[in-house]
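Let me begin by presenting the structure, written as structure tokens, before commenting on it.
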Amino acid sequence: MTGTPVRTLLLWCPDWPVIAAEIVDGVPATGPVAVLHANRVVACSEQARAEGVRRGLRRREAQGRCPQLTVVDHDPGRDARAFEPVVAAVEEVVAGVEVVRPGACAVAARGPSRYLGGEEAAAERIVEQVAQACAVESQVGIADGVFAAGLAARAGRVVPPGGTPEFLTGLPVEALGRPALADLLRRLGVRTLGDFAALPAGDVLARFGLDGTLAHRLAAGRDDRPLAVRQPPVDLAVTADHDEPLDRVDAAAFAARALAERLHDRLAAHGLACTRLGIEAVTAHGQELHRVWRHDGLLTAAAIADRVRWQLDGWLSGSTGRAGARPAPPTAGIVRLRLVPDGVLAQAGLQPGLWGETGEERERAHRALSRVQGILGPEAVVTAVLGGGRSPADQTHLVPWGDERLPARPGPPALPGEPALGTDRAAGGPAGAGPAAGGSAAGRSAGVGRAGGGGSAVPPWPGRLPPPAPAVVLPTPLAATVHDAAGEPVVVSARLAVSAAPARLAVGTARPVEIVGWAGPWPVDERWWAPAEARRRARFQVCLADGAALLLAVEAGQWLVEAIYD
């Protein structure tokens, strides 16, 4: 492979998870439909978008915008099975089709354009073939490289040879498909792919790491495949022969998993990882089936097994298209299954460890925790996920081990050193030095913007606590009392006026301890539009004479200890 991106033709089927739900489950895609994964919208129909539904919305918000919304669970296997007739229809016109993901497939543009009389003629012929054979709408984009071709397909464009960098220049950084990186780039003042591509490659590597470097190559219009991609040796392919033909999907999936693990182990022994996977099957009647799957990252053993299972399911079940078109299913069961790593990379970090292979401890721990879940249930093993929120309790969400680590609330948590609402401080307080008395309105409004490459933005969670984060968040807040120097209870008014400086704190029935520093209040007025769920409180940070630092909250006149600082 040379450094020049390959001229690529990519076919894209809009809203494919919705179309697949119609093909497989009969859900009408002409109505308002949303496909959800982890309680968030990952795809929606055109009618749903007209009602205000967008990707990333939570289920409740999406249904609030469109009460008649039909909700469908995300099923990658269903998407892959339904896409098989589309790939088969494209193969009737061109050869060498690579499945990028369910809903998108790519092919080198040189052959079809020369055979069919030009790139535009080839695009029209393929779209027409898919529409006639499968009754599925599709769009084709042609550009230098798979990434640019995918963006061109969304616009239905044919980018001239050599014009890919100019085509990408004006696109927003969100086109990279990396939300976290795009958010960071926008806060740094980098808003388009052209701005990102103009940054020095060495600085991008130092600041954003390897994934940022790959995104930088994409933004510059260079091929996303590193030059180390090569054809693997023949002995890397793995084959399994079966005396009893595999005519059921479950039996084929079981055989596929064992074969995928063999392939992954063989690649790992050579320090390689797979980026393109060829799946070959031979039936008892001599029929040969072949498909190539493409992946943007490195295929793990589980990812290889999933793609083989999806492909075998598509072959054996013969998924039905909209117009009743059904690709000819095999006339007999599969007797030979072969996996060919069609594209490999040198896998960094695969050097054997001192006491075993790299990652072996992690795999062993994963198996042990999964076994505990199998005995006690999924909720028996949980892991913490940080997300958005105003209080430490809101920012922490426990999810079962093995589930997708999605935050309960959108938005990243406050980063160390990041300015936030309420940056006033009390002398000796846990958040740093500052004015001797906290609680002024001017102090609470300080730092509402964040610097980011010449621009400022309102924090996603106004009113959240400034760093540092507490070390221990109590599952149940502890009741406390706070008094001033005269022994009177400290009261916070509705206008956030503190009656007097806090001087002593007593937790429960313990003896009072002197307060040597404090900061606050940080007001929180949540869900005021829903009286049954409305909540008003104010938070304080206090530092005690015994060295302890606590996070306090006052709600309905009651003081509570919410968290403890280290």
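See the values below:
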item	result
Those residues of region 278-293 which are in contact with a Pro (Cβ under 8 Å, 6 or more places away or on another chain), assigned to a strand (DSSP E or B) and open to solvent by 10 Å² or more (accessible area, probe 1.4 Å), in sequence order	Leu289
Which numbered condition Arg178 misses (of (1) in contact with a helix residue (DSSP H, G or I) (Cβ under 7 Å, 6 or more places away or on another chain); (2) at pLDDT 90 or above)	(2)
Out of Val340, Val344, Val292, Val335, sole residue that is β-branched (Val, Ile, Thr) and modelled with pLDDT under 80	Val344
Top-ranked residue in region 275-288 [being touching a helix residue (DSSP H, G or I) at 6+ places or on another chain (Cβ under 9 Å) and under 9 Å from Leu339 (Cβ atoms); ranked as modelled with the lowest pLDDT]	Leu277
Scan of region 157-170 for residues that are within 26 Å of the chain's Cα centre (by Cα) and open to solvent by 50 Å² or more (accessible area, probe 1.4 Å), ordered by number	Thr169, Gly170
Every residue from region 114-131 that is more than 20 Å from Val18 (Cβ to Cβ), out of contact with any Phe, Trp or Tyr (no Cβ under 8 Å at 6 or more places or on another chain) and either open to solvent by less than 20 Å² (accessible area, probe 1.4 Å) or touching a residue at least 40 places away in the same chain (Cβ under 8 Å) (or both)	Glu119, Ala123, Ile126, Gln129
Val542 vs. criteria in contact (Cβ under 8 Å) with a residue 24 or more places away in the chain and surrounded by fewer than 19 Cβ atoms within 10 Å (Cβ to Cβ)	no
Residue that is modelled with the highest pLDDT, among those in region 217-252 that are buried (at least 19 other Cβ atoms within 10 Å of the Cβ) and closer than 19 Å to Glu288 by Cα	Val238
Enumeration of residues in region 85-101 that are part of a helix (DSSP H, G or I) and of a type in the set (Gly, Ala, Ser)	Ala88, Ala89
Options Ala500, Ala510, Ala485: the member that is open to solvent by 60 Å² or more (accessible area, probe 1.4 Å), not in a strand (DSSP E or B) and not acidic (Asp, Glu)	Ala485
Single residue of Ala48, Ala29, Ala82, Ala106 found to be farther than 30 Å from Arg409 by Cβ and part of a helix (DSSP H, G or I)	Ala82
Set Glu61, Glu92: member being charged (D, E, K, R) and more than 23 Å from the chain's Cα centre (by Cα)	Glu92
Failed item, numbered, when Ala530 is tested on (1) open to solvent by less than 30 Å² (accessible area, probe 1.4 Å); (2) within 14 Å of Trp559 (Cα to Cα)	(2)
Residue in region 545-566 that is least open to solvent (accessible area, probe 1.4 Å), counting only those that are over 15 Å from Gly508 (Cα atoms) and acidic (Asp, Glu)	Glu555
Given (1) closer than 30 Å to Ala95 by Cβ; (2) in a helix (DSSP H, G or I); (3) under 23 Å from the mean Cα position of the chain (by Cα), number of the condition Glu174 does not satisfy	(1)
Test result for Leu151, in a helix (DSSP H, G or I), open to solvent by 20 Å² or more (accessible area, probe 1.4 Å), under 27 Å from Glu84 (Cβ atoms) and not small (Gly, Ala, Ser)	yes
Hits in region 14-30 (condition: open to solvent by less than 10 Å² (accessible area, probe 1.4 Å) and either of a type in the set (Gly, Ala, Ser) or over 21 Å from the mean Cα position of the chain (by Cα) (or both))	Ala20, Ala21
Filter result for Val33 (surrounded by 22 or more Cβ atoms within 10 Å (Cβ to Cβ) and touching a residue at least 12 places away in the same chain (Cβ under 8 Å))	yes
Pairs where the first residue, in region 92-105, is over 8 Å from Arg294 (Cβ atoms) and the second is assigned to a loop (DSSP other than H, G, I, E, B) and not polar (S, T, N, Q), C-beta under 7 Å, 6+ apart	Gly103/Cys13; Cys105/Val97
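Residue-by-condition table, conditions (1) assigned to a strand (DSSP E or B); (2) among the hydrophobic types (A, V, I, L, M, F, W, C):
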residue: Trp518; (1), (2): yes, yes
residue: Arg537; (1), (2): yes, no
residue: Asp546; (1), (2): no, no
residue: Leu550; (1), (2): yes, yes
residue: Leu560; (1), (2): yes, yes
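Here's the yes/no breakdown for (1) of a type in the set (Ser, Thr, Tyr); (2) within 21 Å of Pro407 (Cα to Cα); (3) in contact with a Pro (Cβ under 9 Å, 6 or more places away or on another chain):
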position: Thr30; (1), (2), (3): yes, no, no
position: Ala34; (1), (2), (3): no, yes, no
position: Val42; (1), (2), (3): no, yes, yes
position: Ser45; (1), (2), (3): yes, no, yes
position: Gly52; (1), (2), (3): no, no, no
position: Arg55; (1), (2), (3): no, yes, no
position: Glu61; (1), (2), (3): no, yes, no
position: Thr70; (1), (2), (3): yes, no, yes
position: Asp73; (1), (2), (3): no, yes, no
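The values are calculated or read from the model by the stated rules, or taken from the named source; none is laboratory data. Predicted, not measured: the structure shown is a model, and the values here were computed from it. Neighbour counts run over all protein chains shown; Cβ positions are idealised from the backbone, glycine included. Surface accessibility is based on the protein's heavy atoms, side chains included, excluding ligands, DNA and RNA. Shrake-Rupley method; radii C 1.70, N 1.55, O 1.52, S 1.80 Å.
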